[in-house]
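Chemist: Submitted below is the structure of interest, expressed as structure tokens.
We did not get these values from a lab; they are worked out from the coordinates using the rules stated. Predicted model, so just to flag it, every value in this text is computed and none were measured. Cβ coordinates were reconstructed from backbone atoms using ideal geometry, including for glycine residues, and neighbour counts include every protein chain displayed.
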Amino acid sequence: MEWFKRLYMGTWQFSGQFKQLSRSQIEALLNFALQAGVRRFDTAAVYGDGKVEEILGACLPPTAVVVTKIPATSKPPLHLPVLASIYNFYTPTSIHRSIESSLKRLRRDSIDTVLLHNWHPLWSLDVIEIIAALDDLKKSGLVRRIGISLPNGFNTCIDDAILPYLDVIEAPFNPRERWILNQLPKLLQLKKEVLLRSLFCQGKLLKRGYTAKEILQEVLPLNTSVVIGMTTEEQIRENTRILKRGE
């Protein structure tokens, strides 16, 4: 697969929670990424309370591919043995309202991919109506693909009952988060796009002596896409260079 179809530029780092960047700095980085050949961007409605989507909407050309995420009304706890119904966290109405807001901020008539930002394995048998609400977005042309984003610490395979409804699965992958390897062959066989994120653990692995080349050389043979947050031009140069060589 061509490298620019595998790389998504992560944008959480533009929210101010990881590194303080001015709007002009963010715009300059996005323009540099576009000039370097990056065409795919991963974001979420909650990044900067919508400000990151607004910046992307102002900077990205219509041809850029955008993945955004719909937040739950409150973040579901991952490790409790019993969890309330998904309807306490998502409703068809909240999903449609979130997409309407994202479309305005992104300045688009449609979004390539929309993911539920929060997911819990105990929802698998209680989720069809919510997935149907996402599917309605596809039928209306507001969204091309739908899926789920799996939280850090998730270690349960995605239930077979919902896999037919999903086009895209985003999951963490790093030395501490490797469960996806158990299900990855099946997901790829089903032609799901898998986006692997948190590869560098927000830069912590690089500080521990790992290199971007070492990390990506392990990931690229998996035939997935990768989401990489980049806050300098040098990071963009290095990561795109590694992906080009690994084609």
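Chemist: Give me, ordered by chain and number, the residues 5 or more places off Leu150 or on other chains with an amide H under 5 Å from its own placed amide H.
Modeler: Under 5 Å from the amide H of Leu150: Glu170, Ala171.
Chemist: If you average the sequence gap of Cα pairs under 8 Å that are 6 or more apart and divide by the length of the chain, what percent do you get for the contact order?
Modeler: Once divided by the residue count of the chain, the mean separation gives 21 percent.
Chemist: Residue by residue, what Karplus-based ³J(HN,Hα) values in Hz, rounded to whole numbers, does segment 170-187 have, using 6.51, -1.76 and 1.60 with θ = phi - 60° and x for Gly and Pro?
Modeler: 10, 8, x, 8, 6, x, 9, 10, 10, 4, 4, 4, 5, 10, 4, x, 5, 4
Chemist: Projected area of segment 115-247, taken from the Cα convex hull and averaged over every viewing direction, in nm²?
Modeler: 9.0 nm²
Chemist: Could you tell me what percent of the DSSP beta bridges with both partners in the chain are antiparallel, to the nearest 5?
Modeler: That works out to approximately 5 percent antiparallel.
Chemist: Rank-order 4-12, 62-70, 135-143, 84-92 by packing density, defined as the average count of other C-beta atoms within 10 Å over each peptide's residues, highest first.
Modeler: Listed from highest to lowest mean packing, they are 4-12, 62-70, 84-92, 135-143.
Chemist: Right, here's the next one. If you take every residue apart from Val168 with its C-beta less than 14 Å away from the C-beta of Val168, what net charge results, scoring Lys and Arg +1 and Asp and Glu -1?
Modeler: +4
Chemist: What whole-number volume per residue, in cubic angstrom, does the convex hull of the C-alpha atoms of segment 23-139 give?
Modeler: 114 Å³
Chemist: Let me ask something else about it. Working out 0.36 nm times the residue gap between Phe32 and Lys207, then minus their Cα-Cα distance, what length gain in nm do you get to one decimal?
Modeler: Result for the pair: 60.5 nm of gain on full extension.
Chemist: Nearest 0.05, what FRET efficiency do Glu2 and Glu129 give at R0 = 35 Å with Cβ-Cβ as r?
Modeler: Numbers: r = 38 Å, r/R0 = 1.07.
It comes out at approximately 0.40.
Chemist: Measuring from label point to label point, each 7 Å out along Cα→Cβ, what is the Cys157 to Gln17 span in nm?
Modeler: So the two model labels end up 3.1 nm from each other.
Chemist: Measure up Lys104/Lys138; Lys139/Lys192; Lys104/Lys191; Lys19/Lys192; Lys19/Lys138 against 28 Å on the Cα-Cα distance and list the ones that go over. Each step should come with its number before you reach the end.
Modeler: On the way: Lys104/Lys138 17 Å; Lys139/Lys192 19 Å; Lys104/Lys191 31 Å; Lys19/Lys192 32 Å; Lys19/Lys138 35 Å.
Listed pairs above 28 Å: Lys104/Lys191; Lys19/Lys192; Lys19/Lys138.
Chemist: Under the √(5λ) rule applied to the eigenvalues of the Cα gyration tensor, what semi-axes describe the equivalent ellipsoid of the chain? Give them in Å, descending.
Modeler: Whole-Å semi-axes of the equivalent ellipsoid: 27, 22, 17.
Chemist: Return the sequence-ordered ³J(HN,Hα) values of segment 199-212 in whole Hz as given by the Karplus equation 6.51 cos²θ - 1.76 cosθ + 1.60 applied to θ = phi - 60°, using x for Gly and Pro.
Modeler: 4, 9, 6, 6, x, 5, 5, 5, 6, 8, x, 5, 10, 4
Chemist: Another question about this same structure. For segment 71-76, take each phi angle, set θ = phi - 60°, evaluate the Karplus expression 6.51 cos²θ - 1.76 cosθ + 1.60, and give the result in whole Hz per residue in order, putting x for glycine and proline.
Modeler: Taking θ as phi minus 60°, the curve returns x, 6, 5, 8, 6, x Hz for segment 71-76.
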